[in-house]
Amino acid sequence: MHYIYLHGFASSPNSAKARDIGDRFTQIQTKLKIPDLNAGDFSQLTITRQVAQVAAEFSNDSTPVTLIGSSLGGLTAAHLGQQNLQVQRLVLLAPAFGFLSHWLPKLGDEEVQRWRQEKYIMVYHYGEQRSLPLSYDFVTDAAQYQEKLLQRPISTLILHGKKDEVIPIEASRDFARSRPWVELVELDSDHALGNVMKEIWQAIRLFCQLP
């Protein structure tokens, strides 16, 4: 089994969650790949690019893959699981279901209109600790990744904070409700999940049958 961790939007392999989970995999002597989904060019980020980049990490010998994805990385992992039979397990941490419907209203109509016209918007990048331009192509690309397309019965564990201020827990509840192969664990936390990493690791270890 190959394990790959997908970090969130405007984040990096150096995020607190990526480092925490990476360290725990190291402790049990199990390899975890953590690709940098910024790919050296955050400005041209799209979900399609992330999907292609992660799929290129899969081995050619059809070794099964477990994807662990955080936020937008979780959404990307879910679509990879739909498209690729090599993916046999998903662990989704506060997955960004309905990402645009939660994010764009916070920007406001005027800002979104300006973004569409000017082609770029400045976004604070937590990995780089500075604002970087992001192409409007991100929005047009993301619009095609609809949750209703995710129908492959793939063994899935979702861990989501009940106080999530970015992606409301209802997004994961709605997703799990119509998919009996999805297990949803609700945690007393926010989007960062920083206070429940120990519980998250225990859940991952059990679900993935790790040593």
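The values are calculated or read from the model by the stated rules, or taken from the named source; none is laboratory data. Just so you know, these numbers come straight off a predicted model, no measurement behind them. Don't worry about glycine lacking a Cβ; one is built from the backbone with ideal geometry, like all the others, and counts go over all protein chains shown.
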**Complete:** Going through region 124-135 in order, the residues found to be in a strand (DSSP E or B) and either free of Cβ contacts under 8 Å to residues at least 24 places away in the same chain or out of contact with any helix residue (DSSP H, G or I) (no Cβ under 8 Å at 6 or more places or on another chain) (or both) are Y124, R130, S131
**Message:** Regarding region 62-72, can at least one residue be identified that is over 14 Å from the mean Cα position of the chain (by Cα) and either more than 25 Å from S172 (Cβ to Cβ) or at pLDDT below 95 (or both)?
**Reply:** yes
**Item:** Meets criteria (of a type in the set (D, E, K, R), more than 16 Å from S172 (Cβ to Cβ) and part of a strand (DSSP E or B)) for R114
**Value:** no
**Message:** Within region 136-149, take every residue that is in a helix (DSSP H, G or I) and hydrophobic (A, V, I, L, M, F, W, C) and give me the one that is surrounded by the most Cβ atoms within 10 Å (Cβ to Cβ).
**Reply:** F138
**Fill in**
Filtering region 184-197 down to residues that are closer than 16 Å to S70 by Cα and either in contact (Cβ under 8 Å) with a residue 24 or more places away in the chain or exposed (fewer than 12 other Cβ atoms within 10 Å of the Cβ) (or both) yields L184, V185, E186, L187, S189, D190, H191, A192, L193, G194, V196, M197
**Request:** Within region 1-42, track down each residue that is without any contact (Cβ under 8 Å) to a residue 60 or more places away in the chain, assigned to a loop (DSSP other than H, G, I, E, B) and either among the charged types (D, E, K, R) or under 17 Å from A96 (Cα atoms) (or both).
**Result:** K31, D36, L37, D41
**Item:** Search result, residues across region 88-102 that are in a strand (DSSP E or B), more than 11 Å from L6 (Cβ to Cβ) and not polar (S, T, N, Q)
**Value:** R89
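Across region 111-135, which residue is nearest to N14 (Cα to Cα) among those that are hydroxyl-bearing (S, T, Y) and surrounded by 12 or more Cβ atoms within 10 Å (Cβ to Cβ)? Reasoning before the result, please.
From region 111-135, those hydroxyl-bearing (S, T, Y) are 120, 124, 126, 131, 135; that's our starting set.
Remaining after also requiring surrounded by 12 or more Cβ atoms within 10 Å (Cβ to Cβ): 120, 126, 131, 135.
Details: Y120: 25, Y126: 10, S131: 17, S135: 23 Å.
Per the criteria, the residue is Y126.
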**Prompt:** Considering only residues of region 43-66 that are touching a residue at least 24 places away in the same chain (Cβ under 8 Å), assigned to a loop (DSSP other than H, G, I, E, B) and not aromatic (F, W, Y), which is surrounded by the most Cβ atoms within 10 Å (Cβ to Cβ)?
**Reply:** L45
